[in-house]
1. Taking region 63-113, which residues are in contact (Cβ under 8 Å) with a residue 12 or more places away in the chain, of a type in the set (Gly, Ala, Ser) and assigned to a helix (DSSP H, G or I)?
2. Just for region 73-94: of the residues that are closer than 12 Å to Asn141 by Cα and out of contact with any helix residue (DSSP H, G or I) (no Cβ under 7 Å at 6 or more places or on another chain), which one is surrounded by the most Cβ atoms within 10 Å (Cβ to Cβ)?
3. Considering only region 149-163, state which residues are in contact with a Ser or Thr (Cβ under 7 Å, 6 or more places away or on another chain) and within 18 Å of Ile51 (Cα to Cα).
4. Hey, among the residues in region 165-196 that are charged (D, E, K, R), crowded, with 16+ Cβ neighbours inside 10 Å and over 14 Å from Thr241 (Cβ atoms), which one's nearest to the chain's Cα centre (by Cα)?
5. Residues being among the charged types (D, E, K, R) and either touching a Cys at 6+ places or on another chain (Cβ under 6 Å) or under 19 Å from Gly111 (Cβ atoms) (or both): count how many of those fall in region 164-203.
6. For region 164-204, how many residues meet the condition of being assigned to a helix (DSSP H, G or I) and under 22 Å from Pro233 (Cα atoms)?
7. For region 30-38, does any single residue satisfy the condition of being within 13 Å of the chain's Cα centre (by Cα), buried (at least 24 other Cβ atoms within 10 Å of the Cβ), at pLDDT 95 or above and assigned to a loop (DSSP other than H, G, I, E, B)?
8. Quick one: is Asp190 out of contact with any Phe, Trp or Tyr (no Cβ under 8 Å at 6 or more places or on another chain) and under 30 Å from Asp217 (Cβ atoms)?
Amino acid sequence: MGRVYGPNDFEEPGEFCSALAIGDSWFWYPNNNILQTLVRHQHTSGDHANIRRVGYNGALLQDYIGSGRYAKEVRHWLSPNFNDGFSEFYISGAGNDAVDYKLALKPNCTGITTPSACIDQAGMDELLRKVSEALGALIHNIRWAYRNDSLTRPIFIHGYDYPTPDNRGAGFASGPWLAPAMDAKFVAQDMALRFGIMKILIDRLNDEVFSQFDSDDNEIYHIDSRGTLKHFPDNHKTDWTNELHPTSAGFRKIFERHWLPVLAEHGIAK
C-alpha cells in the first residue's frame, strides 16, 4: 500500500513519488478520495503507489496557474530540482469553478420547468471557456517542464459523475454547494428539474472540455466516470456521502470501472 504525500511532506526513506496530482476535493476529501483509493488498491503497481498531491478542497482550476493561490506550489514541483521523479500526472478540477460561477444558471429561474431553459447559455459558454483555458495552461506548464526530455509523461484528467443536489453538506462546516446555488437563482424545488440541470453541466464539462484534450498521441487521457454511481431518482445516498462527494465504496467503484483499465495500459496498475 502506498501513500499520498502533501505538498510539504517529506518522503519516507526509500520511497519516491511517481506521480504529481493536482486537484480539488475529489483528490483531497477527508478519509477517502480517488487518490487514496489508488494508492491503497491491490492492483496498483508498487512503483506507482506513492503520489505527491497539491491543490486543496475548494480549489479552482485557475488556482494552479498564473497568480493563482496554488500556482507557486505547482511551479515548485515542476521545477528541475523536483520534477525528475514524476512519471505521470493526475488532474481534477472544474467542479468548484462551476459552483463559483453559480452553475451557469439564469439570474431568475422562476416558473421554468425544463433544465435547459434554466441555463444561461452565454454564462455556460464563458464557464466552459475559462475551465478549458485553465486546464490547457496547466497541461502546457507540465509539458513545458519536460520540454527537453524525450519521455512523454501521461496526464490523466478526471471527469465527474452526476451528483444529486439534495442539500447535503460535508458535515465539517463545508457545503452544501449545489442546492443553495439553485435556491439563489429561484430554481423550483423539483428534484427532477434540479438533477437535470446538473446532468447538463456535467455532460458539457466532460464533452466540451475534458474530452477535447484526450489524445493518445499526446498521452492525455480523459477518465470519464459518468453513469457509474446511483443518482436521482435512484437511492443515490448509497453511493454519495453528500452533494459532491462519493462514499468510500463509490470512489472505489469509479476507480475500478474507469481508472484501473486506463492505468493498466500504462503499467501503473495490473
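The values are calculated or read from the model by the stated rules, or taken from the named source; none is laboratory data. Remember, it's a predicted structure, so these values are computed and weren't measured experimentally. FYI the Cβ positions are ideal-geometry reconstructions off the backbone, even for glycines, and counts take in every protein chain you see.
1. Within region 63-113, Gly95, Ala98, Ala104 meet the criteria.
2. In this case the residue turns out to be Trp77.
3. Narrowing region 149-163 to residues in contact with a Ser or Thr (Cβ under 7 Å, 6 or more places away or on another chain): 153, 158-161.
Result: Arg153, His158.
4. Arg194
5. Count: 4.
6. So the count comes out to 20.
7. yes
8. no
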